[in-house]
Amino acid sequence: MQLLKTLFLSFARRRREKTEKETNIGSDYRNGESGFPLSVWEVAMASTVVLGFGLGLLCVYLTMPASDYSFLKLPRSLEDLQILRDHLESYTSDYTIQVLVGYCVVYIFMQTFMIPGTVFMSLLAGALFGVFRGVALVVFTATAGASSCYFLSKLIGRPLAAFLWPDKLSFFQAQVAKRRKRLLNYMLFLRVTPTLPNMFINVASPIVDVPYHIFFLATFIGLIPAAYVTVRAGIALGELRSVGDLYDFQSIVLLFLIGVVSVTPALMSKGKS
């Protein structure tokens with residue numbers, strides 16, 4: 001009996017230590033610390049990245065012909081997007097390289113710094129470049145932007161993520177730890193389905209020790225279905241009444257089915273074990 005009691009207490013202690021370790025990332029912020037989470041050095045590093053993107057856009061702007069570019073702004077509605085599409089169509093045929101580079105820089109910048117509105121950029125890719133080239137462009141820029149966010153978060157993201165999502169971060173860390181052997185399947189499921197926001201996944205993945213090669217593969221492969229749906233809708237941009245029209249019931253069911261297929265090997269492996 002004494003031996004069983006000792007084993008039980010030892011197991012309970014290890015279980016408690018594991019739980020505390022999984023929840024310690026955001027504990028300081030849940031306990032009421034609300035100061036700005038980044039140091040001066042971290043803000044300086046983020047500002048340097050912003051400056052690099054700004055210089056890239058400036059180079060694109062300087063190679064374009066003299067004209068009125070007041071229409072160039074991040075679209076916040078379908079009306080803004082249609083105006084931008086109408087103006088850029090004439091430039092795309094004559095200045096294809098500049099439009100492509102400008103598009104890539106803007107999309108990657110938005111992904112890196114979690115700026116909302118990339119769905120409008122995906123629609124724009126379909127309207128300007130068609131389905132296949134548009135999907136390839138969106139998947140490339142989305143993966144590059146997510147990777148940029150991943151490495152920036154690896155350097156300075158821990159305090160910011162703990163400040164913004166303490167509970168969600170603890171949950172994600174626990175799920176990653178449980179699914180370490182089939183982590184690619186789990187990350188694919190997250191990318192295909194709206195279980196967790198892509199913005200959160202980009203920031204939190206390096207913090208909870210998701211290896212970059214798994215993050216990259218899950219992002220590159222997992223974003224293809226949603227990119228196809230959005231880019232295809234961009235071809236018929238004038239028929240859209242709201243962003244909600246992008247994902248009808250059939251599209252949502254299809255994305256969830258793909259997500260279920262992606263985690264099936266992990267579930268089967270768990271069942272056998």
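The values are calculated or read from the model by the stated rules, or taken from the named source; none is laboratory data. Keep in mind that this is a model prediction, so the values were computed, not measured. Here the Cβ is made from the backbone with ideal geometry for all residues, glycine too, and neighbour counts use every protein chain on show. With ligands, DNA and RNA removed, areas are computed over all heavy atoms of the protein, side chains included. Shrake-Rupley method; radii C 1.70, N 1.55, O 1.52, S 1.80 Å.
Annotations
- Qualifying residue in region 79-96 (condition: farther than 18 Å from Leu240 by Cα, assigned to a helix (DSSP H, G or I) and aliphatic (A, V, I, L, M)): yes
- Listed conditions (1) out of contact with any Asp or Glu (no Cβ under 9 Å at 6 or more places or on another chain); (2) among the hydrophobic types (A, V, I, L, M, F, W, C); (3) crowded, with 20+ Cβ neighbours inside 10 Å; (4) in a helix (DSSP H, G or I) are all met by Val210, apart from (4).
- Members of region 147-184 found to be surrounded by fewer than 16 Cβ atoms within 10 Å (Cβ to Cβ), touching a helix residue (DSSP H, G or I) at 6+ places or on another chain (Cβ under 7 Å) and within 30 Å of Leu100 (Cβ to Cβ), listed by number: Leu155
- Test for Arg133: is it modelled with pLDDT of 90 or more, in a helix (DSSP H, G or I), open to solvent by 20 Å² or more (accessible area, probe 1.4 Å) and among the basic types (Lys, Arg): yes
- Scoring Tyr228 on the criteria (1) of a type in the set (Ser, Thr, Tyr); (2) open to solvent by 10 Å² or more (accessible area, probe 1.4 Å); (3) in a helix (DSSP H, G or I); (4) over 25 Å from Asp80 (Cβ atoms) leaves a single failure, condition (4).
- The set of residues from region 98-120 being part of a helix (DSSP H, G or I) and either open to solvent by 40 Å² or more (accessible area, probe 1.4 Å) or free of Cβ contacts under 8 Å to residues at least 24 places away in the same chain (or both) comprises Gln98, Leu100, Val101, Phe109, Val119.
- The single condition among (1) surrounded by 10 or more Cβ atoms within 10 Å (Cβ to Cβ); (2) within 30 Å of Arg158 (Cβ to Cβ); (3) at pLDDT 50 or above that Glu89 does not satisfy is (2).
- Among the residues listed as Ala144, Ala127, the single one being buried (at least 19 other Cβ atoms within 10 Å of the Cβ) and part of a helix (DSSP H, G or I): Ala127
- The set of residues from region 101-118 being within 18 Å of Gly234 (Cβ to Cβ) and touching a helix residue (DSSP H, G or I) at 6+ places or on another chain (Cβ under 6 Å) comprises Gly102, Cys104, Tyr107, Met110, Gln111, Thr118.
- Test: residue in region 29-52 that is touching a helix residue (DSSP H, G or I) at 6+ places or on another chain (Cβ under 9 Å), surrounded by 17 or more Cβ atoms within 10 Å (Cβ to Cβ) and modelled with pLDDT of 80 or more: no
- Some residue of region 186-193 being touching a helix residue (DSSP H, G or I) at 6+ places or on another chain (Cβ under 7 Å), surrounded by fewer than 18 Cβ atoms within 10 Å (Cβ to Cβ) and in contact (Cβ under 8 Å) with a residue 60 or more places away in the chain: no
- Checking Ser153, Ser148 one by one, the residue that is within 24 Å of Leu72 (Cβ to Cβ), touching a residue at least 12 places away in the same chain (Cβ under 8 Å) and of a type in the set (Gly, Ala, Ser) is Ser148 and no other.
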